[in-house]
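The values are calculated or read from the model by the stated rules, or taken from the named source; none is laboratory data. Predicted model only: the values in this text are computed from it and were never measured. Every residue, glycine among them, receives a Cβ derived from its backbone with ideal geometry; neighbour counts consider all protein chains shown. Heavy atoms of the whole protein, side chains included, go into the accessibility calculation; ligands, DNA and RNA do not. Shrake-Rupley method; radii C 1.70, N 1.55, O 1.52, S 1.80 Å.
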Amino acid sequence: MRLFKSETTKTITFIVISSICLLLSLVNSINNYLHFNLSWVAILLCGLPIIKEACISLYKEFDIKADVLVSLALIASVIIGETFAAGEIAVIMTIGALLEDLTVQKAQSGIESLIKLTPQKARVIRNKQEVMIDADDIQIGDIIRVIAGEIIPADGIIIKGEASIDESIMNGESLPVDKTVGDDVLSGTINQYSTFDMRASKTSSDSSLKRMIRLVKEADANKAPIVSLTDRWATWIVVIALVSSVITYLFTHEILRSVTILVVFCPCALVLATPTAIMAGIGNATKYGMLIKGGDIIERLSKVKNIAFDKTGTLTYGKLSIVDYKSFSSEYSDEEFIKILASVEAHSEHPLGKAITSYYKEKNDNQLLEVEDFTVHPGKGITAVLNSKNILVGNLKIMKDKNININNKDIIKISQDFFKKGCTVIYLSIENKLIGYVALSDILRQESKSIINYIKSQNINPIMLTGDNEASASNIANKVFIDDVYSSLLPEDKMKIIKELESKNSPTCMIGDGVNDALALKYSSVGISMGAIGSDIAIEASDIALVSDDIKNIPYLLYLSKKTMKTIKLNVTFSLVLNFVAIILAMVGVLNPVVGALVHNLGSVFVIINSSKLLKTKNNIDLNNKTIYNFTNTNIKALNM
């Protein structure tokens, strides 16, 4: 019996009232204070809903579940006058259904959060005038103006101007992308600098963001919950119980023994076997900052064969930091160079500039220098004046375009080497003379290598799915020994890879933190999101949220899922053995319905005690294992779909 959320409070009330009435009924059977059998209260409040649901299942779909056997035991007990046994069965089964309901709640879809990212208005140029219209009214060919700080309302192509676009929502890339005339832009991405005009290539309803919303909805509809263990075996349990009951009656002609068989075979312990273990497992995970949103998730996690990682914000910290800087000039020391650069970048809102300034302020107490005539040239660089000297900050291409003399092969090699490592290199020139460089990169989490090593030791294949470029993906993959790497992916590309793995009967767990990971999180067998730095959409799309973003708990999560499933199997085995022994005792007349109900409830007590041990399980996994499971050479794949 599955309960709806809105009925939870009512069900708990019924259980409490029924339990009190059963206790009073037991006392009254000794003292006879009341002429009314209070066991009927439990039968009416907890038993009738079970019988009703069993009848509906049989009538509409001829679906034999555990409810059918429970109903037979209830009715048979009432017929022969064993109302206490009937009430006891009804209460225990309702408790089991309540526990199951509390452990299989599905995660929210996150659709509302995605919709909030969709622009409601758009600036359209008509008759050389700027007109505000509803974004839903955008047509193919419309000229749209996007100013700095705005979300792009539709997919299109830039026809005028230049900008720096934050595309992290679509590809997870930690760095903004410079765009100019002829470049594509996607809906939902953010224009960080300058103003540009674009021509819409798709309507708002057919945009990349709207398509993502539709796919997330489809994922929710298609991701069916796992059928409970009790219901999987219910048909066989019902058949065995009925056959045993009929055979006993034919040989003994004692209806009491036949009914007792139905009572002792009533799967109370079997119903409790899964939800009690699941609840204990979820409770244990919560202590370590891992929020598991449903009971069936643990079962799926215990069976995964692949774990797919997003790169930025998952294997890495998702924050830019300086990894190296150097002055080429004898006029400026390294520290003087970085101070000048930080002073210029202090006026910039660009993530690279903020990272440089933050780095300098953390390392130095010195005040920054006064800069004049600071100007941002989107997609090109920064110009400024310091102590009456002209300063240019930008990449190697911009330096060449501005005719800055770069004949030093070592300087060019530095750019190439850092690019291969997935870094971004920024140069500074003073009065048209190259002074030095700074290299920035996302930083690898300290525990990432150990986690990948542990995952491989469990015969699970780690995969990297990232929107970052091939060089950046290759650099991180080589450091952590991930063999299968897909780079330059859009959200739908990640989803396609996950769906392909799932279609090959290769259950996959996806771990990510951004909006661009939402589809992959939804379509994977298990989705795990970073709870602190992750986007709201990724968190809501996932099955498990890591509250503290501490991915070193992933190995323990895998261990806990398998330990929980072992506990469930032990619970089930003990319950079935106890039931079969009780059947034999009922056949030979040792047990009557009331005693039989009490005996088989020993199974329920064992199940609860055994499951509670999961709450005391500790994370003792050693991630310092020096054995490196480096199976193959890294296989980098830049997906073009």
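In whole Hz, with x marking every Gly and Pro, tabulate ³J(HN,Hα) for segment 495-511 from phi via Karplus 6.51 cos²θ - 1.76 cosθ + 1.60, θ = phi - 60°.
4, 4, 5, 4, 4, 5, 5, 5, 5, 8, 6, 10, x, 10, 9, 10, 10
Provide the solvent-accessible area of residue 248, counting protein heavy atoms only and rolling a 1.4 Å probe, rounded to the nearest 10 Å².
Spelled out: residue 248, probe radius 1.4 Å, area about 10 Å².
Once you place label points 7 Å from the Cα toward the Cβ at residue 588 and residue 79, how far apart are they in nm?
2.7
For residue 374, enumerate residues with amide H under 5 Å from its amide H, sequence gap 5+ or separate chain, H modeled in the peptide plane.
Sorted by chain and number, the residues that satisfy this are 385.
With each label point set 7 Å from Cα along the Cα-Cβ vector, what nm distance links residue 37 and residue 581?
3.0
List the residues of segment 396-424 whose backbone N lies under 17 Å from a point placed 7 Å from the Cα of residue 471 along the Cα-to-Cβ direction.
Once the point is set 7 Å along Cα→Cβ of residue 471, 396-401, 409-424 turn out to lie under 17 Å by backbone N, inside segment 396-424.
How much solvent-accessible surface does residue 559 expose, in Å² to the nearest 10, with a 1.4 Å probe and all protein chains in place?
90
Using R₀ = 60 Å, calculate the FRET efficiency as 1/(1 + (r/R₀)^6) where r is the Cβ-Cβ separation of residue 180 and residue 458; round to 0.05.
E between residue 180 and residue 458, to the nearest 0.05, is 0.80.
Using a 7 Å offset from the Cα along the Cα-to-Cβ direction at both residue 195 and residue 140, what is the distance between the two label points in nm, to one decimal?
Result for the modelled spin labels: 2.9 nm.
Set the Förster radius R0 to 41 Å, insert the Cβ-Cβ distance between residue 420 and residue 160 as r into 1/(1 + (r/R0)^6), and round the FRET efficiency to 0.05.
Plugging the Cβ-Cβ distance into 1/(1 + (r/R0)^6) gives 0.70.
Taking residue 479 as the anchor, which lysines have their alpha carbon closer than 16 Å to its alpha carbon, excluding any fewer than eight residues away along the same chain?
Answer for residue 479, where 16 Å is the Cα cut-off: 311, 420, 421, 449, 456, 626, listed by chain and number.
Which whole-angstrom value gives the distance between the alpha carbon centres of segment 117-150 and segment 488-512?
If you average the Cα positions of each part, the centres end up 34 Å apart.
Given the whole protein assembly as supplied and a 1.4 Å probe, what does the accessible area of residue 274 come to in Å², nearest 10?
Estimated to the nearest 10 Å², residue 274 gives 40 Å².
Based on the Cβ-Cβ distance of residue 373 and residue 403, what FRET efficiency does E = 1/(1 + (r/R0)^6) give at R0 = 30 Å, to the nearest 0.05?
According to the calculation, E is roughly 0.90.
How would you rank 134-140, 403-409, 257-263, highest first, on the average number of other Cβ atoms within 10 Å across their residues?
Result, highest mean Cβ count within 10 Å first: 257-263, 134-140, 403-409.
By how many nm would the segment from residue 387 to residue 23 lengthen if fully extended, with 0.36 nm per residue of separation less the alpha-carbon distance?
Difference between extended and current length: 122.1 nm.
Does anything in segment 180-202 have its amide N under 20 Å from the 7 Å Cα→Cβ label point of residue 126, and if so which residues?
Residues 197-202 qualify, since their backbone N sits under 20 Å from the label point.
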